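Read the structure below first, then the notes.
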Amino acid sequence: MTDSSPDPRFRTLGAMTVTPDRLSEIARSLNRWQWQPTADEVAFGSTVFQRMKAVEEETRSTFPRGTDQWHRLHTENFDTLARVVAVVRDEVLPAGREQLADSPMVELAELYVSAAEPLLPHAQRLLAAWRDASLPAPTSEEVAREAQRWNVSAEQAESRMRFEYAAQWEEDANPRGLWDDLRPTWAHMGAVRSTMMAALTGDTDY
């Protein structure tokens with residue numbers, strides 16, 4: 001029986017007032033040393049990144065990978081995103097708001113979650129399709145042939161083949177051009193993340 005209760009990973013942050021240029025304002029105040037993060041703010045920001053990294057480590061072995069460690073399925077990226085957003089929104093932010101009212105560091109975490117929210121419906125749809133997908137499994141003969149052709153071990157050949165099957169499934173199961181359409185949203189999230197990292201390290205040359 002399928003559980004019909006909503007998945008908490010895809011819940012939105014809710015009512016939140018964010019001016020369009022707020023990220024630029026925070027970055028500018030950081031660059032001009034108008035905002036110098038306190039030790040408590042640095043500790044909060046560090047917690048955000050530590051929790052993000054922990055989630056990324058947890059999901060690493062769930063999906064097939066390409067020959068390069070950064071060669072990942074879109075599905076893996078969306079799964080990691082949904083889990084990261086849920087952790088930051090539900091576990092990290094509440095304590096930050098309580099301890100650091102009106103802190104730009106907390107605002108950056110809120111901006112990250114807010115920026116990610118347009119991607120969550122895509123993540124929910126893609127992950128549901130992934131759970132229902134039936135991907136082909138390479139035979140031992142196919143693995144041996146490809147291992148010889150690529151001059152790699154059988155294990156590496158099978159891993160590569162499984163990744164290619166999954167990547168082809170992604171292309172077939174999603175509208176053409178979807179990833180390009182969503183790239184600006186990912187880029188904005190990256191800008192928020194970079195600003196938060198700059199606030200932690202003091203390196204504003206980003």
>> I'd like the distance separating the alpha-carbon centroids of region 25-58 and region 128-171, in whole Å.
In response: 39 Å
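What ranking do TYR112, TYR165 get, fewest neighbouring Cβ atoms within 10 angstrom at the top? Present the calculation step by step, with values, prior to reporting the outcome.
On the way: TYR112 25, TYR165 15.
Going from least to most buried by this count: TYR165, TYR112.
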>> Just want to confirm a number: the relative contact order over the chain, from Cα pairs under 8 angstrom separated by 6+ residues, in percent.
In response: 30 percent
>> Quick check: residue separation of GLU171 and GLU98 times 0.36 nm, minus the Cα distance between them. What number comes out in nm?
In response: 21.9 nm
> So which trypsin sites (Lys or Arg not before Pro) in region 40-78 are both in a DSSP loop and have at most 16 other Cβ atoms within 10 Å of their Cβ?
Replying inline: ARG60
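What translational D, rounded to a whole number of µm²/s, comes out for the chain from Stokes-Einstein when the hydrodynamic radius is the Kirkwood one over Cα pairs, at 10 °C and 1.306 mPa s?
83 µm²/s
I'd like the FRET efficiency for MET197 and SER134, computed as 1/(1 + (r/R0)^6) with the beta carbon distance as r and R0 of 35 Å, rounded to 0.05. Show your work: numbers first, answer last.
Details: r = 40 Å, r/R0 = 1.15.
Step by step, r from the Cβ atoms, then E = 0.30.
Order these by the 10 Å Cβ neighbour count, fewest first: LEU111, LEU135, LEU127.
Numbers: LEU111 23, LEU135 11, LEU127 17.
Listed from fewest to most nearby Cβ atoms, that is LEU135, LEU127, LEU111.
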> Given q = 0.15, 0.20 Å⁻¹, what are the Debye log10 I(q)/I(0) values for region 34-145, with equal point scatterers placed on the Cα positions and solvent ignored?
Replying inline: -0.75, -1.09
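I need MET105, MET52 ordered by Cβ neighbour count within 10 Å, fewest first.
Values: MET105 25, MET52 19.
Starting with the residue having the fewest Cβ neighbours, the order is MET52, MET105.
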>> Between TRP33 and TRP150, what is the label-point separation in nm under the 7 Å Cα-to-beta-carbon projection?
In response: 5.2 nm
> Full extension from ASP90 to ARG183: what is 0.36 nm times the residue separation minus their Cα-Cα distance, to one decimal in nm?
Replying inline: 30.9 nm
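Values quoted throughout were computed directly from the atomic coordinates according to the rules given, and no laboratory measurement underlies them. Treat the numbers as computed from the prediction; the structure is a model and nothing was measured. Here Cβ is always computed from backbone atoms with ideal geometry, including for glycine, and neighbour counts include all displayed protein chains.
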